[in-house]
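Please read the structure below before turning to the comments.
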Amino acid sequence: MVRRDAAGEAVSLELRGHAGKGPAGFDLVCAAVSAVVQTAALGLTRVAGAHPAVESRSGYFRCVLPAAEAGTPAARAILETALAGLRDIAEEHFEALRVEEHGEER
């Protein structure tokens, strides 16, 4: 799931569950999704200089940007690129991955 702020900027990525396309450690869909989101978190920190809160464990990943860092050009490029990658994976493996976008919670 991607959450966007009131300005439409992506501010968080959250994934739950497993793709179920292979045994643990050999699931290529899970590996692809993990690589995309973990690289996005790394890019936010090392390239954009942001300070995302990241939580990662088996079957769960969450990366949340502080509000003040959400609309920077680098953060926008990184998160929108990650979202494009996730959409592409979901298009090929629709039975294993669903991409949802939600607006700001009030």
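Each value in this text was obtained by applying a stated rule to the coordinates, not by laboratory testing. Keep in mind the model is a prediction, meaning the values are calculated, not measured. Cβ coordinates were reconstructed from backbone atoms using ideal geometry, including for glycine residues, and neighbour counts include every protein chain displayed.
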Projected onto the charge dipole of segment 2-100 (unit charges on the beta-carbon of Lys, Arg, Asp and Glu, signs +1, +1, -1, -1), the Cα from G25, A53, L15 with the largest positive-side position is that of A53
Placing +1 at every Lys and Arg Cβ and -1 at every Asp and Glu Cβ, with all other atoms neutral, what dipole size does segment 2-100 have around its Cα centre, in debye to the nearest 20?
-> 220
Sort the following peptides by mean Cβ neighbour count (other Cβ atoms within 10 Å, averaged over residues), highest first: 44-52, 29-37.
-> 29-37, 44-52
The chain: angle of helix 73-92 to the longest principal axis, Cα-based, in degrees nearest 10 = 20
For R4, other-chain or 5+-apart residues with amide H closer than 5 Å (H placed, Pro excluded) are V11, H102, G103, E104
Taking alpha-carbon centroids only, segment 1-19 lies from segment 47-106 a number of Å equal to 5
Only helical DSSP H runs with n ≥ 4 go in: add -39500 (n - 2.57) per run for the chain, normalise by residue count and round the 222 nm mean residue ellipticity to 500 deg cm²/dmol.
-> -12500 deg cm²/dmol
Per-residue HN-Hα couplings for segment 50-57 [Karplus 6.51, -1.76, 1.60; θ = phi - 60°; Hz; x = Gly/Pro] = 7, 10, x, 8, 10, 10, 9, 7
Between the helical axis of 28-46 and the dominant principal axis of the chain, each derived from Cα atoms, what acute angle in degrees is found, rounded to the nearest 10?
-> 20
